[in-house]
Amino acid sequence: MIHQTALETESMVSFDHQPRTRLVFGVGAADRTGELAREIGAKKILLVTDPGIVAAGHAEHVRCQIESAGLQVTIFDQARENPTTKCVNACMRVAKPAGIDTIVGLGGGSSMDTAKGCNFLLTNGGRMQDYWGVGKAIKPMLPLIAIPTTAGTGSECQSAALIADEQTHQKMACLDPKATARIAILDPALTLSQPTRVAASTGIDAIAHAVETAVTRKRNPLSLMFSHQAFKLGVKSLPEILLKPTDLEARGRMLLGAAMGGLAIENSMLGAAHAAANPLTAHFGIVHGQAVGLMLPHVVRFNGQDPLIRHAYAELASAPEIACVSDGHDQAWQALIERLEMLLKLAEVPRSLAQCGIKRSILPVLAEEAARQWTANFNPRPLNRDDFLTLYESAF
Ligand SMILES: [Zn+2]
């Protein structure tokens, strides 16, 4: 009997990839912010950032670069982790009277999300809830320049703004091609200021993006190129960064890997580890990267029961030469799980739900919510509430 290979299946998937973001990579690339903004016609800029980035001196540095190019800057520096509609509205109140024509998002995923959220409301009106879903904005949006200071979310290469409803705490994924950054400035020097725990959890998130995108239903040869390269860069660099935080080369590889992970998500979406992680963050405030990392090996074991998916994992493991496909899919799949376990240990990710203070009695509630997550639809093996319960039990 001839088995259809994973690659044959993938080549059949139709896709529509439109490169939207110019990537400017290199140490000191942030010094070009003003020049690049001027190139796209900016005159009045809104700089969206958070208090930590102000304290690290990055906001002042970027502001000076913009002003020295002869452009005006208005700053909103109150972006919050897991930003809510309240945070976006506060940003709007600063942006609107300033008559801005361009937005610069500087920081981690939260600054980017707030910048994108503000862009929706500023250009299309209404409330954030109106844009929950795909392609809900009618009018063109302002050009966005994204400057990440963490290597994790890959938001600088994605069309999604993740904003939580202030009342219900429901995380709303607002996706629109118009919200994608026009330019992403990837400057490894900016990521040096990340505290080790942030570098660890965002790094695990970036690696999880590579692992999940490599097997989703929507994966295609192009998204796989990004997934495999993101995985290769992340797996090598994260241990180096944790060992030597000043290693600028490793920081650069990690930043590039995270951006490629974002490009992979843009083309193939995510899977069950993210679906299972979101309720953990919503109920218990577990940091996104830690929640995803905690669930990831369990999802890889679950998905790998399918021979085609196991093959896809084996190919992923081959990218950084953790294993070789020709050694056998089982062996490569196991080697991948072992490497993930090792990275999670290194990043000090909690290894059980019980360790996070979660009670077994809440697991059915979490399973119900995980099954309703949009991203669960893209997991290569379909999951229902009972499957999520089994995953949570195995992670307990
Ligand atoms: Zn993630």
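The values are calculated or read from the model by the stated rules, or taken from the named source; none is laboratory data. Computed from a predicted model, the values in this text were never measured in an experiment. We place every Cβ from the backbone using ideal geometry, glycine too, and count neighbours over all the protein chains shown. These accessible areas exclude ligands, DNA and RNA; they are computed on the full protein's heavy atoms, side chains included. Shrake-Rupley method; radii C 1.70, N 1.55, O 1.52, S 1.80 Å.
So, with +1 on the Cβ of K and R and -1 on the Cβ of D and E, and no other charges, what is the size of the charge dipole of region 196-310 about its Cα centre, to the nearest 20 debye? Don't skip to the end; give the middle numbers.
Numbers: 11 positive and 7 negative charges, 33 e Å.
So the dipole magnitude of region 196-310 works out to roughly 160 debye.
Using Cα atoms only, what is the angle between the long axis of helix 288-303 and the major principal axis of the chain, expressed in degrees (0 to 90) to the nearest 10? Once rounded, the angle reads 30 degrees. Dipole check for the chain: with +1 at the C-beta of Lys and Arg, -1 at the C-beta of Asp and Glu, and the Cα centre as origin, the magnitude is about 800 Debye.
Subtract the Cα-Cα distance of Arg372 and Arg80 from 0.36 nm times their separation in residues, and report this length gain in nm to one decimal.
On the way: separation 292, 0.36 × 292 = 105.12 nm, distance 2.56 nm.
That pair, Arg372 and Arg80, stretches by 102.6 nm at full extension.
Along the charge dipole of the chain, which of Ala90, Leu391, Cys157 sits closest to the positive end, that is, farthest toward it, with unit charges on the beta carbon of Lys, Arg, Asp and Glu (+1, +1, -1, -1)? Of the candidates, Ala90 comes out farthest on the positive side. When both region 156-216 and region 278-353 are represented by their alpha-carbon centers, they are found 19 Å apart.
Extents of region 155-204, largest first, come to 34, 28, 17 Å (Cα atoms, principal axes, whole angstrom). State, as an integer percentage, the relative contact order of region 122-222 based on alpha-carbon contacts under 8 Å between residues 6 or more apart. Here the relative contact order equals 31 percent. Computed over protein heavy atoms with a 1.4 Å probe, the accessible surface of the chain works out to 41 Å² per residue.
The translational diffusion coefficient of region 211-285, from Stokes-Einstein at 25 °C and 0.890 mPa s with a Kirkwood hydrodynamic radius over alpha carbon pairs, comes to 186 µm²/s.
Remark: relative contact order (the chain) = 15 percent; criterion is Cα-Cα distance under 8 angstrom and separation of 6 or more residues. For the chain, the fraction of C-alpha pairs farther apart than 35 angstrom is 22 percent.
When the helix-only estimate is applied to the chain (DSSP H runs of n ≥ 4, each -39,500 (n - 2.57), divided by the residue count), what is the mean residue ellipticity at 222 nm, nearest 500 deg cm²/dmol?
Values: 15 runs with 200 residues, N = 396.
For the chain, the value works out to -16000 deg cm²/dmol.
Listed by chain and number, the lysines whose alpha-carbon sits under 26 Å from that of Lys139, ignoring those within fewer than 8 places in the same chain, are Lys43, Lys44, Lys86, Lys96, Lys116, Lys171, Lys178.
Could you check how much of the accessible area of region 1-145 is carbon and sulfur, as a whole percent, using a 1.4 Å probe? On region 1-145, the fraction of accessible area on carbon and sulfur atoms equals 53 percent. Helix 272-284 and the longest principal axis of the C-alpha atoms of the chain enclose an angle of approximately 60°.
Seen against the Cα atoms of the chain and their longest principal axis, helix 248-268 is set at about 80 degrees. Could you work out which residue, out of Gln65, Gln355, Gln305, moves most in a Gaussian network model of the chain, that is, has the largest mean-square fluctuation with Cα springs under 10 Å? For the chain, modelled as a Gaussian network with Cα springs under 10 Å, the answer is Gln355.
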